[in-house]
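Chemist: Starting off with a structure, shown below.
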Amino acid sequence: MEILNKRIIEEKLFKVLMILSLCIVLGSLFIIFGLVIFNGASSMSLEMITQTPKSGDVLGGGILNGILGSLFLAFPATGIAFLIGIMIALYLQKDFTPSWFSNFVRFTLDILWGVPSIVYGIFCLMIMIYLGVGSSLLAGIVALTLLEIPIITRSMDESIKMVPVGLKEGAYSLGSTKFETAVKVLRRQAFPGILAGVLLGLGRGIGDAASILFTSGFSNRIPSSIFDSTAALPTMIFNLYSLPSGQPKAYAAAFILLVIVLVISVSSRLLTRRFKKHVIK
Amino acid sequence: MNARKLRDFIGTKLMLIVTLFTSALFFAIFLLLLFRSALVLQTEPITDILFSSTWHPDNGQFGLAPIIIGTMLTTGIALIIAIPISLLSAIYIVEYAPRRVRKTIRPFIDVLAGVPSVVYGLCAFLFLVPLVKDFIAPWFGVQTTGLCIFTASITLAIMVFPIIISLCIESFDAIPTALKEASLSVGATKWETVKKVVLRASAPGVIAAILLGFGRAFGETIAVNMVVGGIPIVPKSLFQPGETLASLIASKYGELMAIPLQESALMLVALILFVVVFLFNILGVLVLRRAKKRWKY
């Protein structure tokens, strides 16, 4: 009886600890959401999202330059990273490469995934210094592309790996080439996973500040060409957070970022569910 | 027929080139960083740089010891806080929570894993920093500005929660039910089953989750930069400001890039970040291989 009691007490104790730790996690996360939504919504106005700062006054006007800058940076970067990533992910399959080579590539991609984004930033900066060009939208896109390639590639790779062998063999037996099978069968079958990977990369790219801090620079104007430097929402928050008069703008930018992340996450769920219908089990 | 073969040939070769290019990127980053940090490595031996504690770029002293200690402190404390809390939460979500609670919490955790680090930094700066300054530090009888190692560690811990939790949930879910049922049927309590069956069977997954959490905390730049204080001295207490490797690059690139030797020192810092991530990845592969052999079912 003595032993049994001890065991039951241990069970109860750990259950309390678990609930406590879940409360800590959810509590801290609710505080973050609460802070951003409450402060962001109160500093949000039509002016904030439709105007750029007036010349010479960073704190006046709105954050339109940041919103557009973020979109101009993240969408092309995700597009390029997708094109590169899909080629690598398809090529890593057994049909094309011996497994030692694909394992090696996967290993390098895993390391690249783990490399802090600031390293990509400084890597691109070195190349920029070497070429003698200043900060620009283009450099920011390159940095974000490098950051997103491993993320998008690895998650696409995981879903393409799951395609049943029978499906591939079916395509081969009808006389299609490896490339045709990869592009027409694997890509379609793994489409939900590919989409989820792309959205994951987009979410990571749009929120990353460290890689674009030196590469895309900062500007109060909306960039007119890819050689202009541009602001983005994360760099905007980073530049404004410490000034009390800049905090409303920082909060508004954080609010918009949070909404974008939320939209990406929800649409990823809905779209993958929708496209799963077309997948052959 | 020939057109199709040609397309197959061109397509395959294009894919090969892109793959090789991306793998080469890994070496390119490493070699370029090494090449650019050669200047500072020539002026001082690497041991001096790593273990000397004076960071005075103007005098040509690039002792990285305070910054390395700061990085180890913030990352270490963050993980010490985050690992038990996230593990217990994940266990509760998978094993104890009712289905409905589970279904609502999971998407929420996924969203949180995607929240940009700069947003965490902003919230930490405006909420946690005053909290540490006015309540937590006085409670320990210390005076601080709130911008300190402790605040940075807490911020990192909160950032790491969703990563470890969601990966742990995935690996707990993958354990066959029969394994748990076997343990319960011989009279083990639920916690005993978790402790002796679930945690062991999912050990590789849990280790992978912790390593990923480590990577995130170690390389985090922006959020840490916003709350750590940014002073490269060896911190005497947790409530003193410090500096981490990644954060140093972000705060100093503007002033240091003009002078070759100082720029080279920053490149060395980036190289250290890269090498540590590389070593931890290798460690991860080795540990996972062993763990999979040790705890297979």
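None of the figures in this text is laboratory data; all of them are computed from the coordinates on show. The structure displayed is predicted, hence computed values, not measured ones. Using ideal geometry, Cβ is built from the backbone for each residue, glycine included, and neighbour counts are taken over all protein chains shown.
Chemist: Per the helix-only calculation at 222 nm, which mean residue ellipticity applies to chain A, given -39500 (n - 2.57) for every DSSP H run of n ≥ 4 and division by its residues, nearest 500 deg cm²/dmol?
Modeler: Details: 10 runs with 195 residues, N = 281.
The helix-only estimate for chain A comes to -24000 deg cm²/dmol at 222 nm.
Chemist: Over segment A:46-276, what is the mean sequence separation of C-alpha contacts under 8 Å (at least six apart), divided by residue count, expressed as relative contact order in percent?
Modeler: Working: 333 pairs, mean separation 67.2, N = 231.
This gives 29 percent for segment A:46-276.
Chemist: Is the shape of the protein assembly as shown best called rounded, prolate or oblate, per the rule: a/c under 1.5 gives rounded, else a/b larger than b/c gives prolate, else oblate, with a ≥ b ≥ c the square roots of the Cα gyration tensor eigenvalues?
Modeler: Numbers: a/c = 1.42, a/b = 1.05, b/c = 1.35.
Judged from the Cα gyration tensor, the protein assembly as shown comes out rounded (a/c under 1.5).
Chemist: Rank-order A:15-26, A:76-87, B:47-58, A:245-256 by packing density, defined as the average count of other C-beta atoms within 10 Å over each peptide's residues, highest first.
Modeler: Details: A:15-26: 17.5, A:76-87: 21.7, B:47-58: 13.8, A:245-256: 23.2.
Going by the mean number of other Cβ atoms within 10 Å, highest first, we get A:245-256, A:76-87, A:15-26, B:47-58.
Chemist: OK, next. Just counting partner chain Cβ atoms within 10 Å, what average do the residues of peptide A:86-99 show around their Cβ?
Modeler: Working: counts 2, 9, 8, 2, 4, 9, 2, 0, 0, 1, 4, 3, 0, 0.
Mean partner-chain Cβ count within 10 Å for A:86-99: 3.
Chemist: Would you kindly derive the ³J(HN,Hα) couplings of segment A:262-268 from the backbone phi angles with the Karplus curve 6.51 cos²θ - 1.76 cosθ + 1.60 (θ = phi - 60°), listing them in order in whole Hz, with x for Gly and Pro?
Modeler: 5, 4, 4, 5, 5, 5, 4
Chemist: Which whole-number percentage describes the relative contact order of chain B, with Cα contacts under 8 Å and a sequence gap of 6 or more? Spell out each step's value before the answer.
Modeler: Working: 356 pairs, mean separation 78.2, N = 297.
Relative contact order here is 26 percent.
Chemist: Can you order the peptides A:258-268, A:211-221 by their average number of other Cβ atoms within 10 Å per residue, highest first? The partial results should precede the final answer.
Modeler: Working: A:258-268: 17.4, A:211-221: 24.0.
Taking the mean over residues of other Cβ atoms within 10 Å, the ranking is A:211-221, A:258-268.
Chemist: Across peptide B:279-287, how many C-beta atoms of other chains are within 10 Å of each residue C-beta, on average?
Modeler: On the way: counts 1, 2, 8, 2, 0, 3, 3, 0, 0.
The per-residue average across the peptide is 2.
Chemist: Taking Cα centroids, how far is segment A:161-204 from segment B:141-179 in Å?
Modeler: Value for the Cα centre distance between the two parts: 35 Å.
Chemist: Here is a follow-up. Take the alpha carbon atoms of segment B:184-216, find their center, do the same for segment A:3-49, and report the distance between the two centers in whole angstrom.
Modeler: First find each Cα centre; the distance between them is then 22 Å.
Chemist: Any idea what the dipole of the protein assembly as shown comes to, in debye rounded to 20, about its Cα centre with Lys/Arg Cβ at +1 and Asp/Glu Cβ at -1?
Modeler: 2640 debye
Chemist: If amide H atoms are built 1.01 Å from N in the plane of the peptide, which residues on other chains or at least 5 residues away come under 5 Å of the amide H of residue B:62?
Modeler: Counting only residues 5 or more places away or on other chains, the set is B:56.
Chemist: What relative contact order, as a whole-number percentage, does segment B:75-197 give when Cα pairs under 8 Å and 6 or more residues apart are counted? Don't skip to the answer; put the middle values down first.
Modeler: Values: 82 pairs, mean separation 51.4, N = 123.
Dividing the mean separation by the residue count of segment B:75-197 yields 42 percent.
Chemist: Check cross-link reach from residue A:276 to the aspartates and glutamates: straight Cα distance under 18 Å, and skip same-chain residues fewer than eight apart.
Modeler: Leaving aside aspartates and glutamates fewer than 8 places away in the same chain, those within reach of residue A:276 are A:157, A:158.
Chemist: Can you list the lysines whose alpha carbon sits under 16 Å from that of residue B:190, skipping same-chain ones fewer than 8 residues off?
Modeler: Once the sequence-local lysines are set aside, what remains near residue B:190 is A:6, A:12, A:15, B:180.
Chemist: Straight distance only, please: which lysines reach the Cα of residue A:94 with their own Cα at less than 18 Å, same-chain residues fewer than 8 apart left out?
Modeler: Partners found: A:161, A:168, A:178, A:184, B:13.
Chemist: I would also like to ask the following. Say the dipole of segment B:13-120 comes from +1 at the beta carbon of Lys and Arg and -1 at that of Asp and Glu; which of B:82, B:25, B:49 then lies farthest toward its positive end?
Modeler: B:82
Chemist: Across peptide B:187-194, what mean number of C-beta atoms from other chains lies inside 10 Å of a residue's C-beta? List each step's numbers first, then the result.
Modeler: Details: counts 2, 1, 7, 3, 10, 4, 0, 3.
Averaged over the peptide's residues, the number is 4.
Chemist: In whole Hz and in residue order, list the ³J(HN,Hα) couplings for segment B:156-169 that follow from phi through the Karplus curve 6.51 cos²θ - 1.76 cosθ + 1.60, θ = phi - 60°; x for Gly and Pro.
Modeler: Taking θ as phi minus 60°, the curve returns 4, 4, 5, 5, 7, 2, x, 5, 5, 4, 5, 5, 5, 4 Hz for segment B:156-169.
Chemist: So, one more: With a point put 7 Å past each Cα toward its Cβ, work out how far residue A:127 is from residue B:95 in nm, to one decimal.
Modeler: A separation of 4.8 nm, rounded to one decimal place.
Chemist: Is there a quick way to get the dipole size of segment A:100-239? I mean about its Cα centre, with the Cβ of Lys and Arg at +1 and of Asp and Glu at -1; what is the value in debye to the nearest 20? Walk me through the numbers on the way to the answer.
Modeler: Values: 10 positive and 8 negative charges, 64 e Å.
Its charge dipole is roughly 300 debye.
Chemist: Taking the Cα centre of chain B as origin, work out the dipole magnitude from +1 charges on Lys and Arg Cβ and -1 charges on Asp and Glu Cβ, in debye rounded to 20. Please list the in-between numbers first.
Modeler: Numbers: 25 positive and 15 negative charges, 353 e Å.
My answer is approximately 1700 debye.
Chemist: Among B:265, B:239, B:282, whose Cα lies farthest out toward the positive end of the dipole of segment B:237-297, if unit charges sit on the beta carbon of Lys, Arg (+1) and Asp, Glu (-1)?
Modeler: Highest projection toward the positive end goes to B:282.
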